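Visitor: Below you'll find the structure I mean.
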Amino acid sequence: MAEHPAYPVGLRLSGRRVVVLGGGQVAQRRLPALIAAGADIVLVSPEATPSVEAMADTGEITWLRRGYEDGDLADAWYALIATSDPEANTRASAEAERNRVWCVRSDDADRATAWTPATGHSEGVTVAVLTTDARGRDPRHTAAIRDAVVEGLRDGTLVAPHHRTRTSGVALVGGGPGDPDLITVRGRRLLAEADVVIADRLGPRDLLAELPPHVEVIDAAKIPYGRYMAQEAINDALIEHAKQGKSVVRLKGGDPFVFGRGMEEVQALAEAGIPCTVVPGISSSISVPGAAGIPVTHRGVAHEFTVVSGHVAPDDERSLVDWPSLARLTGTLVVLMGVDKIGKIAETLVAHGRSPGTPVALVQEGTTAAQRRVDATLATVAETVRTEDVKPPAVIVIGEVVQVGPGTSA
C-alpha cells in the first residue's frame, strides 16, 4: 500500500456516523471540521480537553466517557483514532478494517486506511493537500503548500478565471489607511476579480498596479463634475458600469462608512436596483495612530475616544459637531480631515476648557512609506503645522495618550 499514492476524495459526512477515539489535542483540532461537515459524531474517551468537553456540553457531539470497546465502530462511516493507548489503537484499527470503515490514525499513519490532508478554505473552495510519497511525508511542507494556495486565493495573487457567468454588481470596499497589506482579505480578493475599479486617491494605490491589463481603473478624483456634483457623478459611474454587466469595485480609503459617503453610494445603487456588497475596512482613525505608536485608549489614561471630522471649522454654520462638549471630555479626540482647520479647532477646545498644554500628534501619510509624525500641544499646533509644513492626509490625535508611547514628548 505504501508504494502507491493516496486517492484524494471528498467525504460527504452529513448525518453519517463518525467515531472519534480520544479526546485530546488531536481530537480538538479535528472535531470542528467534522462538526462543520454535519457528521453525527460519537466521541469515545474517558477524558477530554476543556474545548472538546464544551463541544459535548453544547450538543455538537455525543461523548461516551470511557475507553474504546470492541463494537464501537459499528455502523460508522469514518473513524479517527487518536488515543494514547497503542493497544486500543491497534484493536480499533483492526475493527475498522474488518468493517470497511475508513480510518485515520494519529499515532501510525502507515497503518491507517485514510490520511487527513492539510485543508484550508476560501470563498466556497476547499483546498486539501496530501503528500503523494508515503515514505517522504512532511506535514510541515504540506501545510506550507496549503497556506500558500489559500493565501493566494484570499489576497487575489492567485486568481483562477471564472468559466461561469458572474453576477454583476458593485462591491464597496474599504481599502484601509494606505498600506496595501492592510486591506482585508475579502477586499483584496474582490479587487482581483473586478472588471472595473473606481478608486479614491486615499485608497491603497499600490494594489492597482497588480490588476490584470483588462481591468478598467477609474480615478474618482478625475471624473468630470462640478464642485458640488462629485458624489452624484461617482454614483452615476458605478451604476453605468454595473448595468453593463460588469463586476465593479468601489475602492475607498479607510472604512467606507467613516466619513466616506459610502452609504450615499449604497442608497444610489439600491434605488437603481443594483446589488451591492459592503466590505468594511480598517479605519485610519485607529490604525494610523497605532502605526505611529499612539494607542487611542490606555488604562489609567483614556477610557474613551471620539472621532470627529474637521473638514469644516468650528465656527462654520455647516458644522454639526458639538465642540464645547468635546472640550469637556477627558479622553482622546481623533480629528480626520482637519489639517487646515486645526488652528480654529485648537482655539475652540481651549476656549471651552481643554488645557492649552494638551498633547497633540499629527501623523501624515500614516502606514505608508512616507509616514511621519509631528508632535505639538493645543497651544502650539497651529504654528507647528505651518513651520513643519504638515499636509493632508494626516490624522490628528489630541489627548494624553500621545505621550504614552516610548520615546515621545510634547
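What follows draws every value from the coordinates through simple rules; no lab data is involved. As the structure is a prediction and not an experimental result, all values here were calculated from the model. Note that we place each Cβ from the backbone using ideal geometry, even for glycine, and neighbour counts take in every protein chain shown.
Visitor: Would you mind computing, in nm to one decimal, how far apart the modelled labels at residue 25 and residue 85 are, each placed 7 Å from Cα along Cα→Cβ?
Guide: In this crude spin-label approximation the distance works out to 2.2 nm.
Visitor: When 319, 285 are ordered from fewest to most other Cβ atoms inside 10 Å of their Cβ, what list results?
Guide: Values: 319 17, 285 22.
Result, fewest neighbours first: 319, 285.
Visitor: Determine, from the Cβ-Cβ distance of residue 216 and residue 369 and an R0 of 25 Å, the FRET efficiency 1/(1 + (r/R0)^6), rounded to the nearest 0.05.
Guide: The formula returns an efficiency of 0.35 here.
Visitor: What angle, in degrees between 0 and 90 and rounded to the nearest 10, separates the Cα long axis of helix 25-36 from the longest principal axis of the Cα atoms of the chain?
Guide: 80 degrees
Visitor: Also, I was wondering about something else. If one takes the longest principal axis of the Cα atoms in the chain, at what angle in degrees, from 0 to 90 and to the nearest 10, does the Cα axis of helix 139-155 lie?
Guide: Taking Cα atoms only, the helix is inclined about 40 degrees.
Visitor: Using DSSP to define loop residues, name the trypsin sites (Lys or Arg not before Pro) in the stretch 53-92 whose beta-carbon has at most 10 other beta-carbon atoms within 10 Å. Provide the component values of the computation, followed by the final result.
Guide: Details: sites: 65, 66, 91; in loops: 65, 66.
Sparse-neighbourhood loop trypsin sites (Lys or Arg not before Pro): 66.
Visitor: Put a dot 7 Å past each Cα toward the Cβ at residue 147 and residue 14; how far apart are the dots in nm?
Guide: Rounded to a tenth, the inter-label distance reads 3.2 nm.
Visitor: Divide by every residue of the chain the summed helix terms, -39500 (n - 2.57) for each DSSP H run of at least 4, and state the resulting mean residue ellipticity at 222 nm, rounded to the nearest 500 deg cm²/dmol.
Guide: Computed mean residue ellipticity for the chain: -8000 deg cm²/dmol.
Visitor: Among 141, 241, rank each residue by its count of other Cβ atoms within 10 Å, from fewest to most, as a rough exposure measure. Walk me through the numbers before you get to the answer.
Guide: Details: 141 13, 241 21.
Lowest to highest Cβ neighbour count: 141, 241.
Visitor: Can I ask one more? Can you tell me, using C-alpha contacts under 8 Å and at least 6 residues apart, the relative contact order of the chain as a whole percent?
Guide: Details: 777 pairs, mean separation 42.6, N = 410.
Here the relative contact order equals 10 percent.
Visitor: OK, next. Between 88, 277, 294, whose Cα lies farthest towards the positive end of the dipole of the chain when Lys and Arg beta carbons carry +1 and Asp and Glu beta carbons carry -1, centred on the Cα centre?
Guide: Positive-most Cα among the choices belongs to 277.
Visitor: While we're looking at this one, here's another question. Simple spin-label model, 7 Å along Cα-to-Cβ: residue 7 to residue 297 in nm?
Guide: 5.7 nm
Visitor: Which order do 111, 186 fall in if you start with the one that has the fewest other Cβ atoms within 10 Å?
Guide: The fewest-first ordering by Cβ neighbours comes to 111, 186.
Visitor: Okay, next question. Does anyone have the angle between helix 342-351 and the longest principal axis of the chain? Alpha-carbon axes, 0 to 90°, nearest 10?
Guide: 80 degrees
Visitor: Can I ask one more? Cα-Cα pairs above 20 Å in the stretch 169-279: how many percent? Before the final figure, lay out each step's value.
Guide: Working: 1932 of 6105 pairs.
Value for the stretch 169-279: 32 percent of Cα pairs lie more than 20 Å apart.
Visitor: Shifting gears a bit: Compute the normalised compactness of the chain: alpha-carbon radius of gyration over 2.2 N^0.38 Å, N being the residue count.
Guide: For the chain, the normalised Cα radius of gyration comes out at 1.33.
Visitor: Taking R0 as 45 Å, what's the FRET efficiency between residue 261 and residue 379 from their Cβ-Cβ distance, rounded to 0.05?
Guide: Computed FRET efficiency for residue 261 and residue 379: 0.85.
Visitor: Additional query: Could you give the Stokes-Einstein D for the stretch 285-403 in µm² per second, using the C-alpha Kirkwood radius, 10 °C, 1.306 mPa s?
Guide: Values: Rh = 14.0 Å.
In µm²/s, the coefficient is 114.
Visitor: Using a Förster distance of 22 Å, how high is the FRET efficiency between residue 36 and residue 57, based on the Cβ-Cβ distance and rounded to 0.05?
Guide: Numbers: r = 18 Å, r/R0 = 0.83.
Computed FRET efficiency for residue 36 and residue 57: 0.75.
Visitor: Under a 10 Å cutoff between Cα atoms, tell me which one of 46, 393, 295 has the largest fluctuation in the Gaussian network model of the chain.
Guide: Result for the chain, Cα springs under 10 Å: 46 fluctuates most.
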